[in-house]
Amino acid sequence: MLDSPKVTKSKPIMATSPIAIVSYGCEHLQSLLKENRKMTMQQYVLLVQTVNDRHSLLLHTYKEHVAADGRPVSSLTPTYLCLQCPNVFTEEGRDKHWESKSHGFSVESRNGYLYCQNCEDFVYDPTLETLRMRGGRKKRKLDDYLNSSGDDSRLMAANSTFVPCRANGLRGLYNMGQTCFMSVVLQSLLHNPFVKSFYLSEGHRASECEKESCTSCAFDEIFTEFHSVEKTEGFGAVNMLIGSWMGAQALAGYQQQDAHEYMQFILNALHSENSNESDAYSDDCPCIIHSTFYGKLQSTVTCNKCRNVTTALDPMMDLSVDLRNQVEKKEREQNKLKKDKPEGGKAGAKKKQDMDVDIRDCLERFTSKEALGATEYTCQNCDATQQKVTKQLSLQVLPPVLAIHLKRFEHSKSNSTKIEMRVNFPLQLDLFPYTSRARADQANSPHKGAYSSLNTAGPSQKIMYELSSVVVHQGDINGGHYTSYSREGMDWFMFDDSRVTLATEAEVLNCQAYLLFYVVEKLEVGPAPGVSTPKE
């Protein structure tokens, strides 16, 4: 779902007449008309007459591709007549013509509507629309507005604002002194479809908020700037930085901070500022943060002696998965292969990619059964005596957006280290195998422990999530740097402080991930099979 550009609230542009907001179709057409108004008008009139008077086959015949015998090929879809030269193109050819000749305007062959390449959309210009209407075509919906009553016109004009066409939210954030940890988390939230929809629909109104150093007001400011101001340079999120300093003393100053810790802080802060609930993990909180990130973990403990089962539910905003166990597992496999390797031979050599960890292995390990010693649990069913038990975690309530934290940093009394092992992750992730329903089905299955049986389940047993953003940590634990990737539409972009560049899927999948954000593929009104959903 595409969100509408947000209106700048600090400097509203008020219309003085009902058609003031559409004096020109766009700023690009305005420039063309100022340069050569007479020729442009004459050419548009000619094209509109062609659309209305000529046989339709002529309009749908283009010479970009020809048949084997050299004849022009006819198209069954609308074509585009260039406003700046006598050529006809398909939609694909129109875009190529723009790249090669920089001809930015074309007329659609069925209705005579004007398309702007810079805006990547059809544009409405009052003067050209009048010319088009004289050609005999049906009026467009905006004509009803132009012919509406005086009261309606004044009301619509007073509440209308011109929005630039390229204010698409793709801007970087200036580094204000080792603040890359903050920038990557904010970029991930800026491109989160649920969070973006909330702020672009005036979910939090800074003009009505009376809280001091409010991070939600600061976030609203960033959304306003990114979606209503046509700029490409970076933005200094000063108010967000001050709000973060005021909200958490540990963040104050210009020291490098952990991105995961900042994510937990900002989610809690945004919850507090958009809700009346004091408890960050309340089941009934309707705020945007709970609606987006809130889920539940189920903890099942089984006594090995009496087989009594105790179940508890714990709230979660993200999952922190361990990498150390996976590292040790890979090292054991590598050592075993070395021992099994024939003398003087290369058989059994471990490939570098085989040493990589997969995020699905981490989730499998996270939701696997774990044996606890007798000193760690007291069974109430065994007369409150200490017993050995088996514990298992599973996902009972899945959030619309699942944030996964890869525990790369390890701290001890003597030193701190970073796990550099590469972790593979997919663009699409099925979370059903890690739900409480799936684990219960697996426990009752005659093929216990068959992980593949869950992955090959039918469509009703799949809960698909799509990768939305990735936070990357580069360097060692003492002096690293954070960057991030986020998807906007069908494209991926890399955010490195104030620099924003187009990225490929391969670049995203090859990065050293620290935080992963997965967005549910489909939202249903009722609970999905085998898993609960957060309250609306």
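For this structure, a couple of remarks:
- Applying the criterion of at least 1 residues that are among the basic types (K, R), surrounded by 14 or more Cβ atoms within 10 Å (Cβ to Cβ) and in contact (Cβ under 8 Å) with a residue 12 or more places away in the chain to the strands (runs of 3 or more DSSP E) found wholly in the stretch 285-330 leaves 295-303.
- Odd one out for V73 among (1) open to solvent by less than 70 Å² (accessible area, probe 1.4 Å); (2) at pLDDT below 80; (3) part of a loop (DSSP other than H, G, I, E, B): (3)
- Matching residues, the stretch 357-382, being more than 30 Å from M464 (Cα to Cα) and in a helix (DSSP H, G or I): A374, T375, E376, Q380, N381, C382
- Scope the stretch 373-409; condition open to solvent by 60 Å² or more (accessible area, probe 1.4 Å) and in contact with a strand residue (DSSP E or B) (Cβ under 9 Å, 6 or more places away or on another chain); matching residues: T375, E376, Q380, N381, Q386, K388, K391, K407
- Test: residue in the stretch 39-54 that is of a type outside the set (F, W, Y), at pLDDT below 75, over 35 Å from the mean Cα position of the chain (by Cα) and assigned to a helix (DSSP H, G or I): yes
- You will find that of V470, V500, the residue that is open to solvent by 40 Å² or more (accessible area, probe 1.4 Å) and either assigned to a strand (DSSP E or B) or at positive phi (or both) is V500 and no other.
- Just so you know, in the stretch 111-155 the residues that are within 26 Å of T77 (Cα to Cα) and aromatic (F, W, Y) include one that is modelled with the highest pLDDT, and it is Y115.
The values are calculated or read from the model by the stated rules, or taken from the named source; none is laboratory data. This one's a predicted model, so the numbers in the text were calculated from it and none came from an experiment. Methodologically, a virtual Cβ is constructed for each residue, glycine included, from the backbone with ideal geometry; neighbour enumeration extends over all protein chains shown. What goes into the accessible areas is simple: the full protein's heavy atoms, side chains included, and nothing from ligands, DNA or RNA. Shrake-Rupley method; radii C 1.70, N 1.55, O 1.52, S 1.80 Å.
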